[in-house]
Amino acid sequence: PASRVLSLNARRQGGAPGKGPSTPGGRAPLQPLLGRPAEHGSSGGRSALQPLWCREQGTCRPWCPTLAQALAGSREKGVFLIPYVLIALVGGIPIFFLEISLGQFMKAGSINVWNICPLFKGLGYASMVIVFYCNTYYIMVLAWGFYYLVKSFTTTLPWATCGHTWNTPDCVEIFRHEDCANASLANLTCDQLADRRSPVIEFWENKVLRLSGGLEVPGALNWEVTLCLLACWVLVYFCVWKGVKSTGKVRLEAGRAGGDGSLTGPRGPSAPRDAIILALINSGTSFFAGFVVFSILGFMAAEQGVHISKVAESGPGLAFIAYPRAVTLMPVAPLWAALFFFMLLLLGLDSQFVGVEGFITGLLDLLPASYYFRFQREISVALCCALCFVIDLSMVTDGGMYVFQLFDYYSASGTTLLWQAFWECVVVAWVYGADRFMDDVACMIGYRPCPWMKWCWSFFTPLVCMGIFIFNVVYYKPLVYNNTYVYPWWGEAMGWGFALSSMLCVPLHLLGCLLRAKGTMAERWQHLTQPVWGLHHLEYRAQDSDVRGLTTLTPVSESSKVVVVESVM
């Protein structure tokens, strides 16, 4: 078959495990493709580390302490750190490496990358849904950060003092437990002081969020935060409408494979290195953020004379309590506040750029070439940003935080990502073939990756993902905000709708393909799991005996190349 003729797998050349692929007769291995531009962007000879770094080093790093406080608890020391390291070694790094390698090998968008196994193209649709949800609600963190940045340009930070219109009578600027014991603070008892609130918390809940009584009480729009949200989307649009570019001379196309960690970059020996480097950077910055947040929370707990768990509830607002409180303790506090929130804005915009770029790339891949029109990309980006902005308006109301929590807890939560990661490993390792994919990676980077990756893709990672997935389903707990507000049943139903909208893409697409195909079930499976190669795969120097008669394909005209690829399709 043509697909076998154009297959680039070194498994047919007798490559030994753990060594680079060899060829019959002692010939050199298949040569990797270096610097071939992708169809929707271009990549030079540089590493793909830059846009990956931008995607990973977003505002999720400063938010890592939120997860640590929620999962480990404040009294159970080390309970979060040990599972974090183990899961990173068994699940995070192998999946990250798989997505990087798959994206670089296939050089396609998040949907067409699964041409490696067309029957499971639903994984691409699922990832598109997840990325769309992330793009929609993630930018709210940027809007809040931008709002804090604007409010930092004052002589006195508004969250440092009481006496504002949004403050309540319970607001106290300075908590001192020893003053409480001596009854010297406004003649208050210790029990009364325990009910007092910090101006940092009141600014966040009463001024920024204007928190209502629940999801059923949406309230009015917060026009100040709405303007900040609009400004963020305008920035995203004008940075993405012509494509994501690095600060250097080489354009790097980001977010091009099945998950958040995937990217189409130059083919070369950078994928394993990038996976390890990015994993270490992610963990390092997360730990550093934990040192900052928990240091401030510990200081506030000691100042108030309460346990650290009583200072602030875990949640997306934890960082907007700890970091603003930290800058109020510094000299020239407005300057440090402006610098910090400007940094936060830059971090978040990097991640938002890559997320929107990945979604647009996958969306344009669905359009046939005959549908191309002038300003296609610009109009597509504008429609995407406008749609997300309209949805985000529900998150800048008085009840917007409850909507934000629904998106964060269900649409891109651990349940959906575990489901996605499980099927990615199963498809690559068991349907396409782990050894086969390892040979493809070896042809691409010049050497065979560590066998640990193959064992993780085949056994450890899918077992861990499915085990945690089942645990989450069996011990499911309804969403609760701030340990006080329980979501109504229709709110939970809405959240599960977000989750199932991506999870069902895999089985529905699989069943649809099998039902539409002809022949016996075995013939359908064989046909639908046959890879579909792209034009760029022809640039490998095919030295296998199966393609010995097609060596003239290397220096042929563009029209001939198109004919060959169409026959393969």
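Selection of the range 114-173 for residues being under 21 Å from Ala421 (Cβ atoms) and β-branched (Val, Ile, Thr) yields Ile116, Val129, Ile130, Val131. Screening Cys384 against (1) modelled with pLDDT under 90; (2) assigned to a helix (DSSP H, G or I); (3) among the hydrophobic types (A, V, I, L, M, F, W, C) leaves a single unmet condition, (1). Taking the listed residues Met466, Met444, the one that is touching a residue at least 12 places away in the same chain (Cβ under 8 Å) and more than 25 Å from Leu504 (Cα to Cα) is Met444, with no other qualifying. Among the residues of the range 220-240, just one is modelled with pLDDT under 90 and surrounded by fewer than 20 Cβ atoms within 10 Å (Cβ to Cβ), namely Cys239.
If you go through the range 147-189 and keep only what is modelled with pLDDT under 75, surrounded by 14 or more Cβ atoms within 10 Å (Cβ to Cβ), hydrophobic (A, V, I, L, M, F, W, C) and farther than 17 Å from Ala322 by Cα, you end up with Cys180, Leu185, Leu188. The set of residues in the range 494-533 that are of a type in the set (Lys, Arg), part of a helix (DSSP H, G or I) and in contact with a Lys or Arg (Cβ under 8 Å, 6 or more places away or on another chain) contains only Arg524.
Within the range 353-389, work out how many residues are hydrophobic (A, V, I, L, M, F, W, C) and within 15 Å of Val129 (Cβ to Cβ). Summing the residues that are hydrophobic (A, V, I, L, M, F, W, C) and within 15 Å of Val129 (Cβ to Cβ) in the range 353-389 gives 8.
For the range 497-511, the condition holds for at least one residue, the condition being that it is modelled with pLDDT of 90 or more, closer than 21 Å to Ala126 by Cβ, surrounded by fewer than 20 Cβ atoms within 10 Å (Cβ to Cβ) and among the polar types (S, T, N, Q). Screening the range 383-406 for residues that are within 18 Å of Gly495 (Cα to Cα) and small (Gly, Ala, Ser) and picking the one that is surrounded by the fewest Cβ atoms within 10 Å (Cβ to Cβ) gives Ser394.
Candidates in the range 448-483 are the residues that are surrounded by 16 or more Cβ atoms within 10 Å (Cβ to Cβ) and at pLDDT below 90; of these, the one that is nearest to the chain's Cα centre (by Cα) is Leu479.
I'd like to check something: does the range 345-360 contain any residue that is closer than 22 Å to Gly124 by Cα, of a type in the set (S, T, N, Q) and in contact with a Gly (Cβ under 8 Å, 6 or more places away or on another chain)? Within the range 345-360 (the criterion being closer than 22 Å to Gly124 by Cα, of a type in the set (S, T, N, Q) and in contact with a Gly (Cβ under 8 Å, 6 or more places away or on another chain)), the answer is yes, since at least one residue qualifies.
Given the criteria closer than 23 Å to Asp274 by Cα, among the hydroxyl-bearing types (Ser, Thr, Tyr) and in a helix (DSSP H, G or I), does Ser110 qualify? No: the conditions fail for Ser110.
Screening Gly103 on (1) assigned to a loop (DSSP other than H, G, I, E, B); (2) over 27 Å from Leu406 (Cα atoms) shows it passes everything except condition (1).
Pairing each residue of the range 323-336 that is without any contact (Cβ under 8 Å) to a residue 40 or more places away in the chain with any residue that is in a helix (DSSP H, G or I) and not aliphatic (A, V, I, L, M), provided the two are 6+ apart or on different chains, yields C-beta distances under 7 Å for Met330/Trp336. Tell me, which residue of the range 351-383 that is in contact (Cβ under 8 Å) with a residue 60 or more places away in the chain and among the hydroxyl-bearing types (Ser, Thr, Tyr) is farthest from Leu142 (Cα to Cα)? Restricting to residues being in contact (Cβ under 8 Å) with a residue 60 or more places away in the chain and among the hydroxyl-bearing types (Ser, Thr, Tyr), the top hit is Thr361. Name the pairs: first residue in the range 79-104 and among the β-branched types (Val, Ile, Thr), second residue at pLDDT 85 or above, Cβ to Cβ under 6 Å, at least 6 apart or on different chains? Filtered contacts from the range 79-104: Val90/Phe460; Val90/Val464; Ile95/Ala421. Evaluate the following for Val150: is it farther than 26 Å from Asp398 by Cα and of a type outside the set (S, T, N, Q)? So Val150 does not fit the description; no. The condition of being under 19 Å from the mean Cα position of the chain (by Cα) and either surrounded by fewer than 21 Cβ atoms within 10 Å (Cβ to Cβ) or hydroxyl-bearing (Ser, Thr, Tyr) (or both) holds for Gly414. Within the range 411-470, being outside any helix (DSSP H, G or I) and in contact with a Ser or Thr (Cβ under 9 Å, 6 or more places away or on another chain) holds for Ala412, Pro449.
Of all residues in the range 315-344, those that are buried (at least 17 other Cβ atoms within 10 Å of the Cβ) and either in a helix (DSSP H, G or I) or touching a strand residue (DSSP E or B) at 6+ places or on another chain (Cβ under 9 Å) (or both) total 19. In the range 81-107, the qualifying residues are those that are aliphatic (A, V, I, L, M) and touching a Ser or Thr at 6+ places or on another chain (Cβ under 9 Å), and the one that is surrounded by the fewest Cβ atoms within 10 Å (Cβ to Cβ) is Val85. For the range 362-374, the criterion of a residue being of a type in the set (Ser, Thr, Tyr), surrounded by fewer than 23 Cβ atoms within 10 Å (Cβ to Cβ) and either closer than 30 Å to Val473 by Cβ or under 25 Å from the mean Cα position of the chain (by Cα) (or both) is satisfied by no position.
The values are calculated or read from the model by the stated rules, or taken from the named source; none is laboratory data. What you are looking at is a predicted structure, and each value in this text was computed from that prediction instead of being measured. For neighbour counting, all protein chains shown are included, and Cβ atoms are generated from backbone atoms with ideal geometry for every residue, glycine included.
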